[in-house]
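The next block holds one structure in the form of structure tokens; read it before the comments.
The values are calculated or read from the model by the stated rules, or taken from the named source; none is laboratory data. Just so we're clear, the structure is a prediction, and the values are computed from it rather than from any experiment. With ideal geometry, Cβ positions are generated from the backbone for all residues, glycine too; neighbour counts draw on all protein chains shown. The area values use the complete protein model at the heavy-atom level, side chains included, leaving out ligands, DNA and RNA. Shrake-Rupley method; radii C 1.70, N 1.55, O 1.52, S 1.80 Å.
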Amino acid sequence: MALTGAGPRPGHHPGADRGPRIDPDALRRVLLVRADNLGDTVMVTAALHALRTRLPRARIDLLLSPAGAAAAPMLADVDAVFPISATWQQLGPPPTHAAPQDRELVAHLRHRCYDAMIVCTSFSQSPWPVAQLGLLAGIPVRVVQSREFGGAAATHWVTPPPEGTHQVDRDLHLLAAVGLADPAAPARTRLAVQPAAL
């Protein structure tokens, strides 16, 4: 079953867009991943709100970077945030073996018993290292979008929109492609600013 329609499209890999739509009623614990800069955390709030609208009773957690964690007090649509310094976001000499933080992250994800992991990335980032961690952690549904082949690490591999697409729309495209967002809903970021912060 195609996720976003049949036939070849520019940038479409023949292995993509083949998974079934996800049943929202089957999801009780969801992890959204956006381990990047503070601005990326702000932009992913539109996807978080769309996900909360579609999954009102589910637990939704956000895995983000230490920089993105500065926005944590203003994220109204998540139950918990987990800041991590992930190897897939670091520059420097490559490790010769699995980094302790990656092993700890796999153990943490396994302990949380997530039903689904949704990986949000910019057009120039690969979601595959994160999907592989989700696979190792036993998360049964792993949703990514990419133009590159990444093997079987993801259960739902969505062809992304064109490179010039705004990040908010890119994130919503990913959710809508698997049935976790209404494509006709307004695309707006959403922050809950406390009066004390003004």
So if I place +1 on the C-beta of Lys and Arg and -1 on the C-beta of Asp and Glu, and nothing else carries charge, what would the dipole magnitude of the chain be about its Cα centre? I want it in debye, nearest 20. 320
Summing -39500 (n - 2.57) over every DSSP H run of at least 4 residues in the chain and dividing by its residue count gives a helix-only mean residue ellipticity at 222 nm, to the nearest 500 deg cm²/dmol, of -7000 deg cm²/dmol
Amide H partners (placed H, <5 Å) of M117, local residues excluded: L31, V141, R142, V143
Check which residues have an amide H placed less than 5 Å from L63's amide H, if you skip close sequence neighbours. L32, V33, R34, F82
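Find the percent of Cα-Cα distances in the stretch 116-178 that exceed 18 Å, and round it to a whole number. Each step should come with its number before you reach the end.
Values: 531 of 1953 pairs.
So the portion of pairs separated by more than 18 Å is 27 percent.
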Hey, in the GNM for the chain with a 10 angstrom Cα cutoff, which one of A184, A69, A58 fluctuates hardest? A184
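Percent of accessible area on the chain owned by carbon and sulfur, 1.4 Å probe?
The value for the chain is 58 percent carbon and sulfur by accessible area.
How many percent of all Cα-Cα pairs in the chain sit more than 26 Å apart?
Values: 5443 of 19503 pairs.
Tail of P(r) above 26 Å: 28 percent of Cα pairs.
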Stretched fully, the stretch from A192 through A107 gains (0.36 nm per residue minus C-alpha distance, one decimal, in nm) 27.5 nm
Could you give the distance between the Cα centres of the stretch 156-176 and the stretch 6-84, to the whole Å? 12
Per residue accessible area of the chain, 1.4 Å probe, in Å²: 50
Within the chain, what is the longest stretch that has no chymotrypsin sites (Phe, Trp or Tyr not before Pro) placed in a DSSP loop and near at most 16 other beta-carbon atoms within 10 Å? 1-122
Starting from the 7 Å offset along Cα-to-Cβ, what nm value, one decimal, do you get for the label separation of T165 and N37? 2.1
Along the positive direction of the dipole of the chain (beta-carbon charges: Lys, Arg +1; Asp, Glu -1; about the Cα centre), which of T165, L135, L191 reaches farthest? L135
For the stretch 186-193, take each phi angle, set θ = phi - 60°, evaluate the Karplus expression 6.51 cos²θ - 1.76 cosθ + 1.60, and give the result in whole Hz per residue in order, putting x for glycine and proline. x, 9, 9, 6, 8, 10, 9, 8
